[in-house]
1. Does R127 satisfy being of a type in the set (D, E, K, R) and part of a helix (DSSP H, G or I)?
2. Tell me which residues, restricted to region 85-104, are of a type in the set (V, I, T) and touching a residue at least 24 places away in the same chain (Cβ under 8 Å).
3. Would you tally the residues in region 34-75 being among the acidic types (D, E), in contact (Cβ under 8 Å) with a residue 24 or more places away in the chain and either over 21 Å from R137 (Cα atoms) or surrounded by fewer than 15 Cβ atoms within 10 Å (Cβ to Cβ) (or both)?
4. Going by the structure shown, is R168 within 20 Å of V12 (Cα to Cα), over 36 Å from the mean Cα position of the chain (by Cα) and either at pLDDT below 85 or not in a strand (DSSP E or B) (or both)?
5. Scan A40, A8 and give me the residue that is outside the structural domain of L110 (by TED's automatic domain parsing), of a type in the set (A, V, I, L, M) and assigned to a loop (DSSP other than H, G, I, E, B).
6. Consider E78 carefully, then state whether it is on the phi < 0 side of the Ramachandran plot, over 31 Å from the mean Cα position of the chain (by Cα), loosely packed, with under 15 Cβ neighbours inside 10 Å and assigned by TED's automatic domain parsing to the domain that holds K92.
7. Condition first: under 31 Å from the mean Cα position of the chain (by Cα), of a type in the set (A, V, I, L, M) and either assigned to a helix (DSSP H, G or I) or closer than 11 Å to A239 by Cα (or both). Can you find one or more residues in region 181-195 that meet it?
8. On the basis of being of a type in the set (S, T, Y), in a strand (DSSP E or B) and under 14 Å from G64 (Cβ atoms), does S200 make the cut?
Amino acid sequence: MQLAIPQAPRSVPLSKVPGAIPRLVRVGVVGLAVMAALGAGASVLGRFVVEEQAFLSRAEELEGQVAAMTLPPRDEREGAEARLEVIYAVGKVQYSASGVLTRAEYAEGLGPGARVRLLVDPQLPDRPREAGYVRSRARALGLVPWGLALGGLVAVGLFGRELRRTLRAELEPLRKGMLVWLTPDGPLPESRREVLFPASYWKQDQKHAVRARLRPGGAPVRNGEKVLAAVLSSLPGEARVIDEALARALGWVR
């Protein structure tokens, strides 16, 4: 095989690199799937925040009486929840409700007969909630929209960076890289997937170690035991192996 490789920078269209577009599409599909999953989670969380705000706007504050309570073990109460059984009245109707959540530290100071403040939705009077617990959680939930916005920006940024990284890994070594003959540290592994193997090359009497990348099923351009590869100063320690199909697709073979 006689090579006729142009000087850098070389014209290397993405469509000419075997397998590059499918790899880029896979990255895009995975990225979009992750963003869709994050969006679905954000939608569920957003609906929960809206429902909490709607409850607070409708709820009436009433006084109730503790009938019983369930506390976690003493050494597990910090930051944990307790459950109250309460008796209260809405108008002239008496209600009893169990499983009313509150902070365990707060519930420690209560006992049967203790008075507690409840928030009751007039539309669902049999589902009271402990006022202090609901309001403290509402303050934290007020930060959720900002967190969702920040998370969305981060997700879009990571997606864009991964696409850019994939494009750069596919094209930049071929367009601007220095072509060298690599000496693999051992026999090349056989795999249907992308192969990474340790290798080295010499430049100005200095030996440089790299991790070389060979695309799936590629037969590298060889010179005895050495293989042709492109290295880029902005990607130190990495090398892109030039296989025969790639060399022919780019017109680097006479």
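The values are calculated or read from the model by the stated rules, or taken from the named source; none is laboratory data. Note that the structure is a prediction, hence the values are computed from the model and not measured. FYI the Cβ positions are ideal-geometry reconstructions off the backbone, even for glycines, and counts take in every protein chain you see.
1. On the way: of a type in the set (D, E, K, R): yes; part of a helix (DSSP H, G or I): no.
Answer is no for this residue.
2. Restricting attention to region 85-104, the residues satisfying the condition of being of a type in the set (V, I, T) are 86-87, 90, 93, 100, 102.
Across region 85-104, the qualifying residues are V86, V90, V93, V100, T102.
3. Residues of region 34-75 that are among the acidic types (D, E), as a first pass: 51-52, 60-61, 63, 75.
Pick out the ones that are also in contact (Cβ under 8 Å) with a residue 24 or more places away in the chain and you get 52, 60-61, 63.
Checking which are either over 21 Å from R137 (Cα atoms) or surrounded by fewer than 15 Cβ atoms within 10 Å (Cβ to Cβ) (or both) leaves us with 60-61, 63.
Looking only at that region, the number is 3.
4. On the way: within 20 Å of V12 (Cα to Cα): yes; over 36 Å from the mean Cα position of the chain (by Cα): no; either at pLDDT below 85 or not in a strand (DSSP E or B) (or both): yes.
No: the conditions fail for R168.
5. Numbers: A40 fails: assigned to a loop (DSSP other than H, G, I, E, B).
Every option except A8 fails the conditions.
6. Working: on the phi < 0 side of the Ramachandran plot: yes; over 31 Å from the mean Cα position of the chain (by Cα): no; loosely packed, with under 15 Cβ neighbours inside 10 Å: yes; assigned by TED's automatic domain parsing to the domain that holds K92: yes.
No, not satisfied.
7. No, because not a single residue in region 181-195 is under 31 Å from the mean Cα position of the chain (by Cα), of a type in the set (A, V, I, L, M) and either assigned to a helix (DSSP H, G or I) or closer than 11 Å to A239 by Cα (or both).
8. No.
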